[in-house]
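The values are calculated or read from the model by the stated rules, or taken from the named source; none is laboratory data. Predicted, not measured: the structure shown is a model, and the values here were computed from it. Neighbour counts run over all protein chains shown; Cβ positions are idealised from the backbone, glycine included. These accessible areas exclude ligands, DNA and RNA; they are computed on the full protein's heavy atoms, side chains included. Shrake-Rupley method; radii C 1.70, N 1.55, O 1.52, S 1.80 Å.
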Amino acid sequence: TLEKRPIISAFTATATETVREDIICTLGLQNPFTLVNGFDRENLFFQVDKPKNKEQYILKYISEHSGDSGIIYCATRKNVDNIYELLKSKGISVGKYHAGMNAEERKKMQDDFAEYGKLLSGGRKSRS
């Protein structure tokens, strides 16, 4: 065992109280200092839609917001890869990011998004 516990920091942009408690539990933090700041910011827009044809909806949305950058969250890695390939095939500047990529690929996608505002499609661990 370690004589002195290492310092751990956990950051999240929009976690609910339940998610914050889960992070604390998962990381095994004991009496952590937490800071919650408002997330209602003019430059952020959050929307959840359930269209009948997701691919058609995404393509239409992107064409109507061609000057914007954004993030599309997908439920699985497979969905991330599929949406990435669809957008890339349409000539849309796109990046992807998920845990199935190696560290170098993820870093490149993060850097590209920060620098060029490329569309980044992030996904959770695939169950398929």
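When you scan the range 69-80, do you find a residue that is open to solvent by 60 Å² or more (accessible area, probe 1.4 Å) and free of Cβ contacts under 8 Å to residues at least 40 places away in the same chain, even just one? Within the range 69-80, none of the residues are open to solvent by 60 Å² or more (accessible area, probe 1.4 Å) and free of Cβ contacts under 8 Å to residues at least 40 places away in the same chain. Being within 30 Å of Lys90 (Cβ to Cβ), surrounded by 10 or more Cβ atoms within 10 Å (Cβ to Cβ), touching a helix residue (DSSP H, G or I) at 6+ places or on another chain (Cβ under 8 Å) and free of Cβ contacts under 8 Å to residues at least 40 places away in the same chain, is that true of even one residue in the range 43-53? For the range 43-53, residues within 30 Å of Lys90 (Cβ to Cβ), surrounded by 10 or more Cβ atoms within 10 Å (Cβ to Cβ), touching a helix residue (DSSP H, G or I) at 6+ places or on another chain (Cβ under 8 Å) and free of Cβ contacts under 8 Å to residues at least 40 places away in the same chain: present. Scanning the range 74-101 for residues that are of a type in the set (S, T, N, Q) and modelled with pLDDT of 90 or more turns up Asn79, Asn82, Ser89. Among residues that are within 22 Å of Gln47 (Cα to Cα), loosely packed, with under 12 Cβ neighbours inside 10 Å and modelled with pLDDT of 90 or more, Glu104 is not included.
Scanning the range 1-32 for residues that are open to solvent by 80 Å² or more (accessible area, probe 1.4 Å), hydrophobic (A, V, I, L, M, F, W, C) and either under 30 Å from Phe45 (Cβ atoms) or modelled with pLDDT of 85 or more (or both) yields Phe11, Ala13, Cys25.
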